Amino acid sequence: MWRKLLSPFARMFEFQARTHYRAERHSMALTIGIILAAAVGGFVEIAPLFTIDETVEADPDMRVYTPLEQAGRDIYVREGCYACHSQMIRTLQDEVDRYGPYSLAVESQYDHPMLWGSKRTGPDLARVGGKYSDDWQVRHLVDPRALVPESVMPQYAFLLDTTLETASLPGRLAALRAVGVPYTDAQIENAVSDTIGQAQPDGERADGTFERYGDDTNVRAFDGRRDLLTEMDALVAYLQILGDLTDLPARTQPARGE
Amino acid sequence: MIAQLRTAERQLALILSGLVAFAGLVMAAVGRGDPMGAQGWIVALCAGLVVIFLLRGLDGPEPVEDRATAYYDDPTRVGILISLAWAVVAMSTGVWVASQLAWPDLRFDGAWSSFGRIRPAHTSGVIFGFGGNALIATSFHVMQRTSRARLAGQVSPWFVLFGFNLFCIVAASGYLMGITQSKEYAEPEWYADIWLVIVWVTYFTLYIRTLARRNEPHIYVANWYYMAFILVMAILHIVNNLAIPASFAGAKSYSAFSGVQDAMIQWWYGHNAVAFFLTAGFLGMLYYFLPKRAERPIYSYRLSILSFWGIVFFYIWVGSHHLHYTALPQWVQTLGMTFSIMLLIPSWASAGNALMTLNGAWHKVRDDATLRFMMVAAVFYGLSTFEGSFMAVRAVNSLSHYTDWTVGHVHSGAMGWVAMITFGSIYAVVPLLWRKESMYSWKLVEWHFWLALAGTVIYVFAMWNSGIIQGLMWRTYTDSGTLAYSFTDSLVAMHPYYVARAVGGGLFVAGAVLCAFNVLMTIRRVPDRVPEYDHPTSSEAGEPAVPAGE
């Protein structure tokens, strides 16, 4: 009986083998076959992500990174922080209990590229913003084991001594606008001034930062030194905004027990 | 090397490398004050060395014999040696990176030496430096033998080989300077990406042109895999690396995609780099060198067809299993999981086909460490594809994701499968390439085999343990409903496994060093022997290119 049931498949397989025996004499037949076979999956899974609106939640309050925060993000990328820290809280109870509301797609809407990560040698950072003081972040980056003796994180003391390069920031924001981040002309033109302003509280330039990025913007001397604009300022400014670009997750996910 | 080139070809090579050197100088000039400037100098230096080398040999005598009667093996030889150099360097870097997690002070004080910067140097060095060069070199060898025809170009094989290595050098040096796109396994910036496209198109053209010259009616199965490797990597590379540079005078660029779409495209690329670089390409190696070494025909032609098309079609779907429980829509996650499970069929068909081929040759597996490398590679291929399908199941993934289990899985594939099949193929091909009687020392091959196997097993067991413990600690609750362990608790628990992992990796590197030594001594010390059949012929003459079935 099995033989009977399987025989159509065997015949099909036989036919395929014979067809293939002919096709594999032509390199172009193989080439086209490979491209077609490999194209289907990617097309079906990726193209709809750009067309289905529900893929990314609508959130008019979602704000863009300030140039200082973006500069910090670029340092985060440069140092390969993503190799050990994820920025994606999964929809699992223990992750929500440990790190906060699970991450929404809209939160990384302006992240070119995304930094969701794939490995947690250190903890998730998606909601680390505001969790520790600027001073803690700076001291931790300078010497992680001074604050967390068990830590295996590398020291980043050199960030404190490296002046932040700002001249390329207008170009960076313009490139980001070209790939879809809604920076205005004014934000791009004033990128350098706004960067300095964000790290100099009470300075004249800080007003411009508030004006262009909103009153909730963190304007502080992040590395504790008002007169120096360092890479440490940028990285800490970035860490302190993580998870705070929108309050949609907190609004839509009631805390446990409520 | 140059002796095989005619004057016109030498001039062409000189012009090409001169152009690359010039491009490097332009990069250095335009990118002053940006890390790209330093990269320009590196390009100019590398290309400059080639120019000097060519100039010195420019006036040498031209080749006299008819070149079409012999295979063109110089690029393969150089490729194998470069691959071994990358193996030693990049695997040692891996041991260093791993040791930093056990002893963080091994990072010393430079900005360049932190985990985040040297980790991509390790991954790219092994995948592209060691693996990529081995693939290019063996593909040149295999396409010529299975087509019974000489490579369809004199300069283009060198362009592919050296161009690819220029990409690798620019990539690895860039990471240390902090140049990265942060896309895993696709970290190099826009200018390196564009260069790789040029190299890759040349590679595919060379492949097709050589196949067009073949004296065999059929294209052997190993070539299907090499073709899939070249073609699909091109598609993946181009799409995943679409980006806008912040300035053409700087290295920094921003991905064309953001957030959830970027994540999907990244892992569509990332997992298919595993599929088409680390699987398809090396299956090409397996399908040629294993039957050749065992002197047995491939067990089943039909299984080859089934597994080939199964791998090409199914693999592409599975990238989303890297994004379970994330903000990626659930339907894509489910597709990824489903296809990951189905993928087990073609994967095991391949592994089974390889192992069944050894029926009747198991005594050779026992006696010959080279064949044993290939056998163990097929076994690890079967095991790690099973593990991969298992980990792609959403419930398993909730535990394994973000932990060392993933790292262990990757390394059971990279060390157990990719490196083992490569070392086996190198031991099989080196005496033939250099026209030697045998390898310098079979005992060293035996030592290498056991070091590699022990290293892999220690590594994988350490990472299984650490990954599962980590995953369980993160999700353990106390009776009062609070999390039982802080993140730091889980980190402390990892320490012994990180030490064990470094030891396992160290053993594996030691094996690679033995291999490099053995190959060098083979070239220098072993008496010559010219093989009877190893030149282009018509399909009727001589013995078959690969052991034939009925």
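The values are calculated or read from the model by the stated rules, or taken from the named source; none is laboratory data. Remember, predicted model here, so these are calculated numbers, not experimental data. Cβ placement follows ideal geometry from the backbone for every residue including glycine, while neighbour counts extend to all protein chains displayed. Protein only, heavy atoms only, side chains kept; ligands, DNA and RNA dropped before computing areas. Shrake-Rupley method; radii C 1.70, N 1.55, O 1.52, S 1.80 Å.
Listing for the model above:
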{"quantity": "Number of positions in the stretch A:24-48 that are within 20 Å of B:Arg209 (Cβ to Cβ) and either in contact with a helix residue (DSSP H, G or I) (Cβ under 9 Å, 6 or more places away or on another chain) or in a helix (DSSP H, G or I) (or both)", "calculated": "10"}
{"quantity": "Output for the stretch B:2-47, where each listed residue is among the basic types (Lys, Arg) and not in a helix (DSSP H, G or I)", "calculated": "B:Arg6, B:Arg32"}
{"quantity": "Lone unmet requirement of (1) in a loop (DSSP other than H, G, I, E, B); (2) within 30 Å of B:Leu444 (Cα to Cα); (3) open to solvent by 40 Å² or more (accessible area, probe 1.4 Å) for B:Asp479", "calculated": "(2)"}
{"quantity": "Residue in the stretch A:76-95 that is among the acidic types (Asp, Glu) and in a loop (DSSP other than H, G, I, E, B) present", "calculated": "yes"}
{"quantity": "Test: residue in the stretch A:119-129 that is more than 7 Å from every other protein chain (Cβ to nearest Cβ), of a type outside the set (A, V, I, L, M) and in a helix (DSSP H, G or I)", "calculated": "no"}
{"quantity": "Answer residue from the stretch B:96-122, given it is more than 9 Å from every other protein chain (Cβ to nearest Cβ) and not aromatic (Phe, Trp, Tyr) and is most open to solvent (accessible area, probe 1.4 Å) among those", "calculated": "B:Leu106"}
{"quantity": "Matching residues, the stretch B:59-95, being open to solvent by 40 Å² or more (accessible area, probe 1.4 Å) and outside any helix (DSSP H, G or I)", "calculated": "B:Asp59, B:Pro61, B:Glu62, B:Val64, B:Glu65, B:Asp66, B:Ala70"}
{"quantity": "Enumeration of residues in the stretch A:145-167 that are polar (S, T, N, Q) and assigned to a loop (DSSP other than H, G, I, E, B)", "calculated": "A:Ser151, A:Gln155, A:Thr162, A:Thr166"}
{"quantity": "Residue in the stretch B:495-514 that is part of a loop (DSSP other than H, G, I, E, B), β-branched (Val, Ile, Thr) and touching a residue at least 40 places away in the same chain (Cβ under 8 Å) present", "calculated": "no"}
{"quantity": "Residue within the stretch B:222-237 that is under 30 Å from A:Glu165 (Cβ atoms), at pLDDT 95 or above and assigned to a loop (DSSP other than H, G, I, E, B) present", "calculated": "no"}
{"quantity": "Inter-residue pairs, beta-carbon under 9 Å, first within 17 Å of B:Tyr301 (Cβ to Cβ) and in the stretch A:16-37, second of a type in the set (Ser, Thr, Tyr), 6+ apart", "calculated": "A:Ala17/B:Tyr301; A:His20/B:Tyr301; A:Tyr21/B:Tyr301; A:Glu24/B:Tyr220"}
{"quantity": "Subset tally (residues that are part of a loop (DSSP other than H, G, I, E, B) and open to solvent by less than 60 Å² (accessible area, probe 1.4 Å)) for the stretch B:436-472", "calculated": "3"}
{"quantity": "Qualifying residue in the stretch B:309-319 (condition: away from every other protein chain (no Cβ under 12 Å) and in contact (Cβ under 8 Å) with a residue 12 or more places away in the chain)", "calculated": "no"}
{"quantity": "Residue satisfying condition, being more than 7 Å from chain B (Cβ to nearest Cβ), part of a loop (DSSP other than H, G, I, E, B), among the aromatic types (Phe, Trp, Tyr) and out of contact with any Lys or Arg (no Cβ under 8 Å at 6 or more places or on another chain), within set A:Tyr110, A:Tyr132", "calculated": "A:Tyr132"}
{"quantity": "Residue, farthest from B:Thr403 (Cα to Cα), within the stretch A:90-107, restricted to residues that are more than 7 Å from chain B (Cβ to nearest Cβ) and out of contact with any Lys or Arg (no Cβ under 7 Å at 6 or more places or on another chain)", "calculated": "A:Val106"}
